[in-house]
Amino acid sequence: MARMTRPVPQSTRRDFLKLGACAGAAGLGAFAVKADGTPATPATPASKPLDPDLSAVVSDLHVGQLWNEQKFRTDRSYDYINGVVRRLVAEILSMKVLPSYVFGLGDISMCYGEERDYEIAAEILRPLEEAGIKIVMTAGNHDRRSPMARHLGGWLGESPVAGRFASVTHLPRFDMVLLDSLKEPDPSAEDNRAGRGGCELGAEQSKWLDSLLAETTRPTLVCAHHTAWSLGINKQMVKSPRVCGFLHGHNHSWQDNILFSSYGRKTMIRMLGMPSMGMDRDIGYALLRAFDDRLELVHVERDYYFPVQTTKAERLPIWDAVVRERHGRRVFFPFDKLA
Ligand SMILES: [Fe+2]
């Protein structure tokens, strides 16, 4: 029997409205923050209610320690990035009703997958877990699996694919699939630092994805660090009767695309690029709400900047225009194709 679509709880609507009210704020001025980048408000106590139909999606945190090329940044230094991510974590924790899950779409590390990057990431994200929110993440091209597993191992899901951080999370109304699209560099390469490898699913993960989509009867949102185009699975995503959409990171930009299998076919899905949580270009995260017949994803945009060739004194007017335009954008992922 079909269930009735459940209305958004009032508290969550207010949270959405509150987020929207900040849309006109220039950059990160809306945040209460101490000089050292830590949030002025303490971490949220664990007593807040969790909404089983609400998740947050974050990507491209790029937190960690100084890296060599940091000198190209002027005012946007590594402590700035870490501070932004801390503030956004605090913002999520300030919601009256918390999301049950935070899904991370890779590029946790600042640049090269350093051990210290993941130590810092664990410290910054731990308040979410302490508030009762479950964290599930996958890797991006700037990650390295070994140090990531050492420090964030509890947040990588139960991977059915050896050597990968793939996972399926069963939420009340849909399944969330995180693919691991990281291709680590050849260890023998002259420059084998993280970020030099690229993307791939690999044969075993592709086979697992094929069988998963063939067998599942649930609406499924598929996510990876890289786009479905980059991974060569865009037509597979569209043709699968259970896949309602695709989320990716990597581009640090709020990108709204529609995938279709061929020009003459009507079957299509949305593919959404997520902002970076702290590094550059679109800065923010997304809130994902599940209904009986669809998912709704709302973009929370807190800043836009591009650090190259800027100085502390420069803040381009177009950056604030982008924040105003993109904050609060809402995208629907209907389950219609499942009918
Ligand atoms: Fe990235």
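Per-residue packing, averaged as other Cβ atoms within 10 Å, sorts the ranges 322-328, 286-292 into the order 286-292, 322-328, beginning with the highest. Here the spin labels are modelled as points 7 Å beyond Cα on the Cα-Cβ line, and at Phe306 and Ser47 they lie 4.8 nm apart. Straight-line reach from Lys96: taking Cα to Cα under 14 Å and skipping same-chain neighbours fewer than 8 places apart, the aspartates and glutamates in range are Asp15, Asp51.
With the cut-off at 18 Å, tell me which of the pairs Lys207/Lys235; Lys239/Lys337; Lys239/Lys266; Lys134/Lys337; Lys207/Lys266 have Cα atoms farther apart than that.
From Lys207/Lys235; Lys239/Lys337; Lys239/Lys266; Lys134/Lys337; Lys207/Lys266, over 18 Å: Lys134/Lys337; Lys207/Lys266.
Close amide H partners of Arg281, meaning residues 5 or more places away or on another chain with modelled amide H under 5 Å apart, are Tyr305, Phe306.
Backbone geometry of the stretch 49-57 corresponds, through the Karplus equation with coefficients 6.51, -1.76 and 1.60 at θ = phi - 60°, to 3J(HN,Hα) couplings of x, 10, 9, x, 9, 10, 10, 10, 10 Hz, x marking Gly and Pro. Within 12 Å, Cβ to Cβ, of Thr267, how many net charges do the neighbouring residues add up to if Lys/Arg are +1 and Asp/Glu are -1? Cβ neighbours under 12 Å give a net charge of +4. Under a 5 Å amide H cut-off, with hydrogens placed 1.01 Å from N, Arg329 pairs with His299 among residues at least 5 apart or on other chains. Backbone geometry of the stretch 157-166 corresponds, through the Karplus equation with coefficients 6.51, -1.76 and 1.60 at θ = phi - 60°, to 3J(HN,Hα) couplings of x, 8, 6, x, 10, 4, x, 10, 9, 7 Hz, x marking Gly and Pro. Just the number, please: percent antiparallel of the DSSP beta bridges in the stretch 50-338, rounded to the nearest 5. Counting only bridges with both partners in the stretch 50-338, antiparallel ones make up about 55 percent.
The residues neighbouring Ala121, those whose beta-carbon lies less than 13 Å from its own, together hold a net charge of -4 under the Lys/Arg +1, Asp/Glu -1 convention. For the stretch 213-227, the Karplus equation 6.51 cos²θ - 1.76 cosθ + 1.60, evaluated at θ = phi - 60°, returns couplings of 6, 6, 9, 6, 10, 9, x, 9, 9, 9, 9, 7, 5, 9, 5 Hz by residue, with Gly and Pro reported as x.
Packing here is the average count of other Cβ atoms within 10 Å per residue, and on that basis the peptides 268-276, 105-113, 203-211, highest first, run 105-113, 268-276, 203-211.
Read-outs: derived from the displayed coordinates by stated rules, not from any lab. If you're wondering where the values come from, they're calculated on a predicted model, not measured in any experiment. Note that each Cβ is placed from the backbone with ideal geometry, even for glycine, and that neighbours are counted across all protein chains shown.
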